[in-house]
1. Near the amide H of residue B:169, under 5 Å away, which other amide H atoms are found, from residues 5 or more places off or on another chain, if H is placed in the peptide plane?
2. Counting protein heavy atoms only and a 1.4 angstrom probe, how many square angstrom of accessible surface do chains B and A bury in total, to the nearest 100?
3. Please give the average number of partner chain Cβ atoms lying within 10 Å of the Cβ of each residue in A:170-176, rounded to a whole number.
4. I'd like the Karplus ³J(HN,Hα) series for region A:97-105: coefficients 6.51, -1.76, 1.60, θ = phi - 60°, whole numbers in Hz, and an x wherever there's a Gly or Pro.
5. Treating only the Cβ of Lys, Arg, Asp and Glu as charged (+1, +1, -1, -1), what charge dipole size does region B:39-100 show about its Cα centre? Round to the nearest 20 debye.
6. Amide H of residue B:224: which non-local residues (sequence gap of 5 or more, or other chain) have their own amide H closer than 5 Å, using H built in the peptide plane?
7. Residue A:44 label point, 7 Å along Cα→Cβ, cut-off 18 Å on backbone N: hits in region A:200-244?
8. Normalised by the number of residues in chain A, what is the relative contact order in percent for Cα pairs under 8 Å and 6+ residues apart?
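The values are calculated or read from the model by the stated rules, or taken from the named source; none is laboratory data. Nothing here was measured: the structure is a model prediction, and the numbers come from that model. Virtual Cβ from ideal backbone geometry, glycine too; neighbours counted across all protein chains shown. Side chains are part of the model used for accessible areas, which takes the heavy atoms of the whole protein and leaves out ligands, DNA and RNA. Shrake-Rupley method; radii C 1.70, N 1.55, O 1.52, S 1.80 Å.
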Amino acid sequence: MLKARLTKMWAYAGMGLVLGIVIFIFIYIFAKGAGSIDLEFLLESPRGAVLGMEGGIFPAIMGSLAFTLTAVVLGGIPAVATAVYIVFICKRSSFENIIRGVLQCIAGIPSIVLGLFAYSFLVRDLAIGRCILASSAALAVMIMPFIEARVEKSLREIPQQMLSSSYALGCSRGYTVFHIALPYVRQEIISALILGGCFAMGATPPLIFTGGVAFSGVPQTLLEPAMALPLHLYLLVAQGTPSLGAAYGTAFVMMAVILISNALATFYGRRRRWK
Amino acid sequence: MEMILRLEKVSAYYGKKSALKEVSMSVPKKQITAIIGPSGCGKSTLLRCINSLLSEEKDASYTGDIFLGEKNTRDIEGDELRRRIGMVFQTPSPFPFSVYKNMTYAPKYNGVHSKKELDRIAVEKLKMTGLFDEVSAELDKSALKLSGGQQQRLCIARALTVDPEILMLDEPCSALDIKSSAIIEKMLAELKKTYTIIIVTHNLAQAKRIADRTVFMYDGHVIEEGPTDEIFGNPKKEETKDFLSGVFG
Ligand SMILES: Nc1ncnc2c1ncn2[C@@H]1O[C@H](COP(=O)(O)OP(=O)(O)O)[C@@H](O)[C@H]1O
Ligand SMILES: [Mg+2]
């Protein structure tokens, strides 16, 4: 009896603590950052004796968008393909386990190592230079296992009889995948891509050697470097007191973007399909 | 009596676990063959061997020979085999799109694209299952909005869109009420003029009503097969007698 009650209390306390911390962080950041937010902050470039003290973060917002979208495209396509392969095509569980092991390894690589790899392989060896594409490649590798796991889970939840019905009509796996399976989980895929995007947007290490810079304009192509929100935030804090207000403002914008995206992803994931 | 399908010593495995043990049986053309037996005895597995759906499954396999007409099914491409041997499952599983799209899904895969031809197939097969009069006004409505019985008849009609020679049904009525089951039974009696039908059923009375031939399975073996009257009226094996008198199952 006592033991059960203690366990319960422990669970509640843990949950309360975690929830409390999360809410506190959000309130803290929003309270500190809200003051810096205005149209100028959102729509202008950083300026000032200490960079970022004045002006805004517009190039960083656009840069982050570019990094994230490119990473989602580069990481999402192989992620969905891998999930389809594991669930529909691979017929041997032993081989499936090998793929799963590899994915887990990738998920475990520290993101700074991915950054280093992208730097030495793409930026130096292939000589594409420091650019969005190089950074996004590193980010893509980082979010690939994350997206794959979610897509795979949703593919496995498709009613087996529906897929079997398609095979039983003499339709191939490919036809079944493209006409039944993928449309069926379309919303889960979108939701997985959005969450993967959030993950990529918050990551700094893969950017620092490869394509993220302290100052630049709004990027015009994928082959030039760009500013990014988390990197900008890091630099603002590193410069100390004069730019600290702007740092909170930047954090505010990032958290807002991520909150909204998460809400969108949840909304998409929940809405039942094809009713 | 012409046999359209012959199984010779078919064994099936899920991993190392054996689910069918040297099953031999045959299926007469344009008749209804019922497969009965307690659950877990391998009825569904048997159907999945016949249309080779089993080899699409992870870690599952089967041995032995199955002849469709004169041809060993191992010499027929899986997709082609499944086109020739249709299958309907236990829970009605219409694709989650419109009734019409359900009916054109497989013909389109087979390269039929003219609207006229697709319409013809859809109407003809819906009529065969008696569904046409009920849904003709709402072919564009989601198939998921139909009642359970209608959904199952849609699945049967959908299986017919590729003109199979054999139609296999795996406990097609077990999720349906008595009235819907009766409609399906009547329909099957009609369909056997055109198709060979194999039906797995839990419902012994149903087997007795509609089947020309009955196969009794137990623990992965075919214990007894023969004309329905004989199996029910004069079973030869102890297991069959026990099963029919409700000792197990
Ligand atoms: N996908 C599967 N993986 C492993 N074992 C299975 C699978 N499907 C069926 N089996 C096993 O094979 C045996 C026969 O199953 P099944 O053919 O579904 O029986 P029935 O249709 O007569 O109820 C059962 O013991 C069942 O547990
Ligand atoms: Mg079964």
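1. Here B:88, B:198, B:199, B:200 satisfy the definition.
2. Numbers: alone 11880 and 15040 Å², together 24620 Å².
Interface area, both chains combined: 2300 Å², rounded to the nearest 100.
3. Numbers: counts 16, 9, 5, 3, 0, 5, 2.
Other-chain Cβ atoms within 10 Å of each residue's Cβ, averaged: 6.
4. 5, 4, 4, 4, x, 4, 4, 5, 4
5. Values: 8 positive and 9 negative charges, 48 e Å.
Approximately 220 debye in magnitude.
6. Close amide H contacts, sequence-distant or interchain: B:216.
7. Those under the cut-off are A:215-218, A:242-244.
8. Values: 387 pairs, mean separation 76.9, N = 275.
Here the relative contact order equals 28 percent.
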